[in-house]
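The structure appears below as C-alpha cells.
Every number in this text was worked out from the coordinates using simple rules, so none of it is lab data. Here the structure is a predicted model, which means the values were calculated and not measured. Note that we place each Cβ from the backbone using ideal geometry, even for glycine, and neighbour counts take in every protein chain shown.
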Amino acid sequence: MPGAIYAEGLVKTFGDVRALDGVDLDVPEGTVLGLLGPNGAGKTTAVRCLTTLLRPDSGKAVVAGIDVLRQPNEVRRSIGLSGQFAAVDEYLTGRENLHMVGQLYQMKSKVAKARAAELLDQFHLSDAADRPTKTYSGGMRRRLDLAAALVVSPPVMFMDEPTTGLDPRNRQELWEVIKQLVAGGTTLLLTTQYLEEADHLAHDIAVVDHGRVIARGTSDQLKARTGGERVEVVVHERHHMGTASEVLAGFGKGATTVEQHTRKLTVPVTGGAKLLAEVIRELDARGIEIDDIGLRRPTLDDVFISLTGHAAEVRDEENGSADDAGREQEKETAK
Ligand SMILES: Nc1ncnc2c1ncn2[C@@H]1O[C@H](COP(=O)(O)OP(=O)(O)O)[C@@H](O)[C@H]1O
Ligand SMILES: [Mg+2]
C-alpha cells in the first residue's frame, strides 16, 4: 500500500535543467517527511508537481490515494499548500484573508467566519486579526499563510520552506504550530534547507541534490554519517595546545583534530551543552586560556560533504538571499 504521498520516477525539465531527475518518495499516513536540500535542488518543483501546479514530464504521483496526473481536481480538494512566499492579500485584515479562503472553498459565510476565528486564535493572531496584513511582521505573515492553508483541515499538507527567512524565535514558534498540526494526524511533506528543522519536525528525511534523492533516513541516521556533534576550542597560547588536547581526549568519543596555525582543536562528542560546560571547567582548572569554544552540530553542509564529498552548491543565482538566510549560526558559543 503506497503512503499518503507517493511518487515514482518524477522527472521535470526546464530547457536544459533537469529540475527533477527521477524522484521517488513514499510518505506513510500521519507522518512527516522532510525534503532537505540546498537552493536549486528541486524541492519547490517536487512540491509543485505533487500539488498539481506543475505537470511532470514523466513519472507517477499519488496523493491521498488519488492519482495526481489523472485527477488533479480531486487532489486539490484533499490537500493544503503553504508556499515559500506567503500568499496573503496585504490590504485585507488577517480575519478577512481567512474568511475569503473559506468562501473560495464554498463554506457558508458563518462557518467560514467561525473557522477564521478558530485559526486566528490557534496561530496567536487574534490581537492583530483586524489589522491589514501589510502591518504584520514576517513571522505573522507566515503564520497567517499557514492558517490559510488549514482552513479546510486537509488530510495531506505541503509546506515549502515554511521558516526560511524567519528569525530564530519566529521559527521556533512556527515549529510548535506545525507540531500541533501533525499531532492531529495530518500527513506532511515539508521542504527545508535546515537540517535542524527537519530534525525537529520530520520522522524521515530525504536529502535532495540536483533533482535526485541522494539519501534517506532519520535525522539521527544522517547525522551519524557526519560524525555527529563536536566541540571546537581555540586556545590562546600555542604552548597550551598539548595539554588542551589531553583534556579533550578525556571527553571525546574519537580522535582530536589539531590545527596548529589557528590553534584550534576539534573533538567528536556526545552530551551537548552539559558536556561543553564540563570541558570549559576542566580547561579552566588546568589554567588553559581560551579564545573561543563552541559546540558544533552537523548542518546541511556537513551532511552534504559526508554524502557527496562536496559542500552544498547553489545552483540558482537569483536565490542568493535565501541562501544567506540558510547560513544561520549553528554554533552555540559559550558565554
Ligand atoms: N519555471 C522554471 N523555469 C526554469 N527553470 C526553473 C523553473 N523552476 C525551477 N527551475 C530550475 O529548476 C531547478 C530546481 O529549482 P527549485 O525546484 O525551485 O529548487 P529548490 O526549491 O530546491 O530551491 C533550479 O535549477 C531552478 O533554477
Ligand atoms: Mg524552493
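Does anyone have the angle between helix 168-183 and the longest principal axis of the chain? Alpha-carbon axes, 0 to 90°, nearest 10?
Rounded to the nearest ten degrees, it is 60.
In percent, how large is the relative contact order of the chain, given Cα pairs closer than 8 Å and 6 or more residues apart? Present the calculation step by step, with values, prior to reporting the outcome.
On the way: 638 pairs, mean separation 66.8, N = 335.
After rounding, I find 20 percent.
Quick one: compute the contact order of the stretch 1-152, relative version, from alpha carbon pairs under 8 angstrom and 6+ residues apart, as a percent.
Normalised by residue count, the contact order of the stretch 1-152 is 20 percent.
Angle between the Cα long axis of helix 138-149 and the longest principal axis of the chain, 0 to 90 degrees, nearest 10?
Relative to the chain, helix 138-149 is tipped by roughly 40 degrees.
With an 8 Å Cα cut-off and a minimum separation of 6 or more residues, compute the relative contact order for the stretch 12-71 in percent.
On the way: 43 pairs, mean separation 16.8, N = 60.
Normalised by residue count, the contact order of the stretch 12-71 is 28 percent.
Highest mean first, how do 147-157, 39-49 rank when packing is the count of other Cβ atoms within 10 Å averaged over residues?
Details: 147-157: 20.7, 39-49: 24.2.
Highest to lowest by the protection proxy: 39-49, 147-157.
If the cut-off is 16 Å between C-alpha atoms, which aspartates and glutamates fall inside it for Lys110, apart from same-chain ones fewer than 8 positions away?
Glu96, Glu118
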